[in-house]
Amino acid sequence: AAPPLSITPTTVLIEAESELPQARRLLPTHPWHAEQSAAFRRLQDWLKPAFYPRGSVDIEDILAKEMQAVRKSGGLHDLSSIAKIEVSGPDAKAFLDRIYCSNLADLSAGQIRYSMMLDESGSILDHGIVICLADDRFFITGSSGYEEILLAWLEGWLASDWHDMQVFVSPVTYQWATLLIAGPRSRQILLDVQRDIDVSTAAFPYKSVRQGSICGVSARMIRIGHLGEVSYGIFVPANYGMALWRKIAVAGRKYDMQPFGEDAYVRLMAEKGHVRMRVAGNAAQTPFDLGFTIDLNKKTEDFIGKRA
């Protein structure tokens, strides 16, 4: 009799993907990941690379190598699936200060802040970053696949309780490709890429945003650190996402930069103490459940969920 077939998590993911219904959304860089024989997984409506087998059959070994690259040199990840919404108008800052549980009244142009949206019961609706482009223009992010939920939430409050506020909300998730470069060599990698944005620590501090161009393309760049390493998020028009990915991948070769998939990304976040809200379970969670209390204790202005 023939020996039994060797079944590994890698082969299961790759084979199962062909049986899954077609995802509605593909990343701007999807063809590149397909070329690299990535193992894909569905995340909400998105098809994302879970990891890159590269000849290995042990998923723990694969993830360990991808995470080690981020810790020791650099890693590249496509975050284009995150929800992205522009909020503008004379009352934009006051509106967002009521929506988020963190204090946004002192957020000035060029700064970013991580925060959470709560519902009326005080449970976390979603989380993300608030990017201040100007006093009357903001760019906010949320969980992958939750753009419609967040948009309905924001527009609902504007249409009912706060209809007198001059605020315009616009969904822009599919207009922007979002690439994440993380690791101790991330700054050196960016220095080798054509750009007019100064990435030095003095000119580009932590939790800030800079606008300019990279590889001749208009871009917004943010300095973040939710993976525990020096990290830069780069937003460019979606149709330039693939070209920029290839440019950065080439620039990172001499620094041993590696692409890392969704599984390594989630684990790296967990190591830093960040959790993906949807992974933690469907039970209602409050900021107190996750230890996110400093901002709430400092904020004196009213916001949705404060009373609860």
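The values are calculated or read from the model by the stated rules, or taken from the named source; none is laboratory data. Predicted model, so just to flag it, every value in this text is computed and none were measured. Ideal geometry is used to build each Cβ from the backbone, glycine not excepted, and the neighbour counts take in all protein chains shown. Surface areas here come from the heavy atoms of the whole protein model, side chains and all, with no ligands, DNA or RNA. Shrake-Rupley method; radii C 1.70, N 1.55, O 1.52, S 1.80 Å.
When +1 charges are put on Lys and Arg Cβ atoms and -1 charges on Asp and Glu Cβ atoms, the dipole computed for region 125-207 relative to its Cα centre reaches about 540 debye.
Per residue, the accessible area of region 80-195 comes to 37 Å², computed with a 1.4 Å probe over protein heavy atoms only. Cross-link partners for Lys272 among the aspartates and glutamates, with Cα-Cα distance under 14 Å and sequence neighbours closer than 8 places in the same chain left out: Glu229.
For a protection proxy built on the mean count of beta-carbon atoms within 10 angstrom, sort 45-51, 227-233, 287-293, 89-95 highest first, please.
On the way: 45-51: 22.1, 227-233: 20.6, 287-293: 13.9, 89-95: 18.9.
So the order, starting with the most tightly packed, is 45-51, 227-233, 89-95, 287-293.
Our estimate of slack between Thr293 and Ala134, defined as 0.36 nm per intervening residue step minus the Cα-Cα distance, is 54.5 nm. Between Lys65 and Ala152, the simple spin-label model (points 7 angstrom out along Cα→Cβ) gives 4.3 nm.
A simple spin-label model places the labels of Ser213 and Asn239 1.7 nm from each other, with each point 7 Å out along Cα-to-Cβ.
Using 0.36 nm per residue, how much length does the chain from Glu35 to Ser200 gain when fully extended, once their Cα-Cα distance is taken away? Display every interim value, and only then the final one.
Details: separation 165, 0.36 × 165 = 59.40 nm, distance 3.38 nm.
Stretched out fully, the Glu35 to Ser200 stretch lengthens by 56.0 nm.
Length gained on full extension, Glu120 to Ser160, computed as 0.36 nm times the residue gap minus the Cα-Cα distance: 13.0 nm. Taking Ala243, Ala264, Ala203 in turn, the Gaussian network model of the chain (Cα-Cα springs below 10 Å) assigns the largest fluctuation to Ala203.
For region 36-65, trypsin sites (Lys or Arg not before Pro) meeting the loop criterion (DSSP other than H, G, I, E, B) and having at most 15 other Cβ atoms within 10 Å: Arg54.
Which listed residue (His163, Gln175, Leu151) has the Cα farthest towards the positive end of the charge dipole for the chain, taking +1 on Lys and Arg C-beta and -1 on Asp and Glu C-beta about the Cα centre? My answer, from the dipole projection, is Gln175.
For the pairs Lys48/Lys298; Lys72/Lys207; Lys93/Lys306; Lys84/Lys247; Lys93/Lys298; Lys72/Lys298, note any where the Cα-Cα span goes beyond 26 Å. Don't jump to the answer; show the numbers that get you there.
Details: Lys48/Lys298 38 Å; Lys72/Lys207 22 Å; Lys93/Lys306 18 Å; Lys84/Lys247 24 Å; Lys93/Lys298 18 Å; Lys72/Lys298 36 Å.
As for pairs spanning more than 26 Å Cα to Cα, those are Lys48/Lys298; Lys72/Lys298.
Atom-type composition of the exposed protein surface of the chain places 52 percent of the accessible area on carbon and sulfur (1.4 angstrom probe).
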